[in-house]
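**Q** Sharing a structure below in structure tokens format, with a few things to ask.
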Amino acid sequence: MRITLIVAAGGSGSRFNKGLNQKRTELRRPGARVQPTKLFYALQGRPVLAETLAKFQGIAEIKEVLVAVSRNVRAQARMLVPVAGFRTVKLVPGGRTRAESVWNALRKSSPRNEWVMVHDGARPLITGRAIRKLIRSVRQSGGVLLAKKVVPTIKEIGARDKVRRTVDRKFLAEAETPQMVRRTLLLKAYRENPRAFEATDEAALLESIGKDVQAVFHEDWNPKITSVQDLEQAERFLMPQTRTRIGRGSDLHRLVEGRKFYLGGVEIPYPKGPLGHSDGDVLLHALTDAVLGVLGKGDIGDWFSDRDPRYKNIRSEKMLREVLVDAARNHWTVDYADSVIYLEEPKLGAYKKKIQERVAGILGVGPEAVSVKAKTMEKLGPVGEGLAVSCEVLVGMKKQESQLS
Ligand code: MG
């Protein structure tokens with residue numbers, strides 16, 4: 001399938017300019033005295049028109065792109081083409097109406113492409129998913145348009161605002177773009193309809209010559225940016241959202257003669273060390289459980305069974321790293337870790353900094369994001385009597401989520 005994409009970007013944007021917020025970045029060529037249109041204001045740092053065009057990148061069926069822009073912004077529009085990631089985009093003059101702009105582009109489109117897809121330059125949130133759905137649907141039809149079911153109750157109003165009737169919304173759809181039609185059909189509609197330039201969309205043109213148009217319903221938010229408020233709303237929508245969670249972990253190991261004593265991956269010189277299937281590093285075990293707490297994926301015993309010979313005397317760092325890889329695959333990253341080690345002897349004062357740096361290194365954060373605190377138990381209980389070492393950890397993690405798929 002070969003498609004010509006026509007982007008209608010010829011409007012003056014008078015409604016937008018009226019509400020213009022002067023603080024917005026104006027991507028005007030220095031010295032050019034033109035009235036900027038909404039399509040050149042930044043959305044997440046990129047002009048609206050470039051953002052719109054970029055959404056069609058990677059749709060292999062699109063073989064040609066024509067953008068209808070008013071003559072006074074032609075130079076600006078030309079600069080956007082590489083920004084949007086396209087190598088070549090043909091610019092054609094915008095008309096007095098949207099339909100006239102589309103006609104100007106249609107006349108310049110290649111007859112080799114049997115389909116024409118028309119999209120509003122001011123709908124930058126269009127998704128690849130919706131575009132592909134439209135393309136799939138057009139094969140069984142001469143023309144398709146992207147549409148939304150109408151949710152609100154709609155009233156028909158008569159004289160003096162008197163409600164005449166309630167419109168049955170099951171027969172209503174809100175037309176969006178892109179719309180896609182067979183090129184020859186669209187040409188025919190323009191030629192046969194004497195008032196073609198007044199049509200508000202391509203579907204209306206096909207309707208005017210009695211051709212069927214299929215509505216393709218979808219759920220993605222695809223607003224037309226008309227006012228400054230719309231632009232700000234779109235900006236907020238695109239802003240990645242940060243989700244944060246706190247995970248908790250704790251651990252205790254018996255201290256016995258003849259074992260190496262690891263804490264936070266650092267070897268502490270001492271005649272005793274923690275008994276365990278692995279190296280018995282309570283800090284890293286508690287940290288691993290804390291991360292698993294954020295992920296909601298069980299505990300260290302579920303992941304690394306103490307009956308599994310593969311984990312015999314394993315360095316705890318390896319287990320923590322494996323869990324961190326899983327976290328990263330799910331877009332979770334460690335923000336900070338706060339730990340308390342309970343130990344009667346030896347005193348940890350001299351090792352705390354080294355432990356802090358080591359743990360920070362494993363987590364991939366700065367040392368300031370890792371806290372290592374040591375406590376004795378005043379000779380009370382198993383830890384106080386020197387029979388065990390224990391640890392508690394809180395870990396803060398964050399996840400960046402875009403609202404767009
Ligand atoms: Mg343990």
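The values are calculated or read from the model by the stated rules, or taken from the named source; none is laboratory data. Computed from a prediction, not measured in an experiment: that's the story for all the values here. All Cβ positions, even for glycine, are placed from backbone atoms using ideal geometry, and neighbour counts span all protein chains on display. Only protein heavy atoms, including side chains, enter the accessible area calculation; ligands, DNA and RNA are left aside. Shrake-Rupley method; radii C 1.70, N 1.55, O 1.52, S 1.80 Å.
**Q** With axes computed from alpha carbons, what is the tilt in degrees of helix 282-295 against the longest principal axis of the chain, rounded to the nearest 10 within 0 to 90?
**A** That works out to roughly 20 degrees.
**Q** When the accessible area of the chain is split by element with a 1.4 Å probe, what percent falls to carbon and sulfur?
**A** 49
**Q** Using 0.36 nm times the number of residues separating residue 172 and residue 155, minus their current alpha carbon distance, what extension gain do you get?
**A** 4.9 nm
**Q** For the pair residue 377 and residue 198, how long in nm is the line joining their label points, each one 7 Å along Cα→Cβ?
**A** 8.8
**Q** Here's a follow-up. Around residue 386, which amide H atoms from residues at least 5 apart in sequence, or from another chain, sit under 5 Å from its own amide H, with H modelled in the peptide plane?
**A** 344
**Q** Which percentage, to the nearest 5, of the DSSP beta bridges contained in the chain is antiparallel?
**A** For the chain, the DSSP antiparallel bridge percentage is about 65.
**Q** From the Cα gyration tensor of segment 65-111, with a ≥ b ≥ c the square roots of its eigenvalues, which class applies: rounded if a/c is under 1.5, or else prolate if a/b is larger than b/c, or else oblate?
**A** oblate
**Q** Residues of segment 180-202 with the amide nitrogen closer than 17 Å to a label point 7 Å from the Cα of residue 164, along Cα-to-Cβ, please.
**A** Within reach of a label on residue 164, which here means backbone N under 17 Å from a point 7 Å along Cα→Cβ, segment 180-202 contributes nothing.
**Q** Taking Cα pairs under 8 Å and at least six residues apart, what relative contact order does segment 235-294 come out at, in percent?
**A** 40
**Q** With N denoting the number of residues in the chain, provide Rg(C-alpha) divided by 2.2 N^0.38 Å, to two decimal places.
**A** Against the compact-globule rule of thumb, the ratio is 1.47.
**Q** For the chain, take the longest principal axis of its alpha carbons; what is the angle in degrees between that and the long axis of helix 228-238, to the nearest 10 within 0 to 90?
**A** Once rounded, the angle reads 40 degrees.
**Q** For residue 211, give me every one of the lysines with a C-alpha distance below 28 angstrom, ignoring sequence neighbours fewer than eight places off in its own chain.
**A** 63, 108, 133, 148, 149, 170, 188, 224
**Q** For the chain, what's the relative contact order in percent, using C-alpha pairs closer than 8 Å and at least 6 residues apart?
**A** Taking the mean separation of contacting Cα pairs over the length of the chain, I get 14 percent.
**Q** Taking H as built 1.01 Å from N, whose amide H comes closer than 5 Å to the amide H of residue 314, not counting residues under 5 places away?
**A** Long-range HN contacts for residue 314: 279.
**Q** In nm, what is the difference between 0.36 nm times the number of residues separating residue 108 and residue 90 and their Cα-Cα distance?
**A** Gain on stretching residue 108 to residue 90: 5.6 nm.
**Q** Here's something else I'd like to know. Nearest 10 degrees is fine. How inclined is helix 128-138 to the longest principal axis of the chain, computing both from alpha carbons?
**A** In the chain, helix 128-138 runs at an angle near 40 degrees to the longest axis.
**Q** In addition: Could you work out the helix-only [θ] at 222 nm for the chain, with each DSSP H run of four or more residues adding -39,500 (n - 2.57) and the total divided by the number of residues, to the nearest 500 deg cm²/dmol?
**A** Helix-only estimate at 222 nm: -8500 deg cm²/dmol.
**Q** Further question: Separation between the residue 345 and residue 212 pseudo-spin-labels, each 7 Å from Cα along Cα→Cβ, expressed in nm?
**A** Using points 7 Å along Cα→Cβ, the separation is 9.0 nm.
**Q** State whether segment 341-399 is rounded, prolate or oblate according to the following rule on the C-alpha gyration tensor (a ≥ b ≥ c being the square roots of its eigenvalues): a/c under 1.5 gives rounded; otherwise a/b larger than b/c gives prolate, and the remaining case gives oblate.
**A** Taking the square roots of the gyration eigenvalues as a ≥ b ≥ c, segment 341-399 is prolate.
**Q** Also: Loop-only GluC sites (Glu not before Pro) in segment 194-255, please: DSSP not H, G, I, E or B, and at most 14 other Cβ atoms within 10 Å.
**A** Answer by residue number: 219.
**Q** Residue by residue through segment 375-390, which ³J(HN,Hα) values in whole Hz follow from phi under the Karplus form 6.51 cos²θ - 1.76 cosθ + 1.60 (θ = phi - 60°), with glycine and proline marked x?
**A** These are the phi-based 3J(HN,Hα) values: 9, 9, 10, 6, 6, 9, x, x, 5, x, 8, x, 8, 8, 10, 9 Hz.
**Q** Per residue, how many Å² of accessible area does segment 144-292 show with a 1.4 Å probe?
**A** 55
**Q** OK, next. Please give the length that would be gained between residue 328 and residue 42 if that part of the chain were fully extended, namely 0.36 nm times their separation in residues minus their C-alpha to C-alpha distance (nm, one decimal).
**A** That pair, residue 328 and residue 42, stretches by 99.9 nm at full extension.
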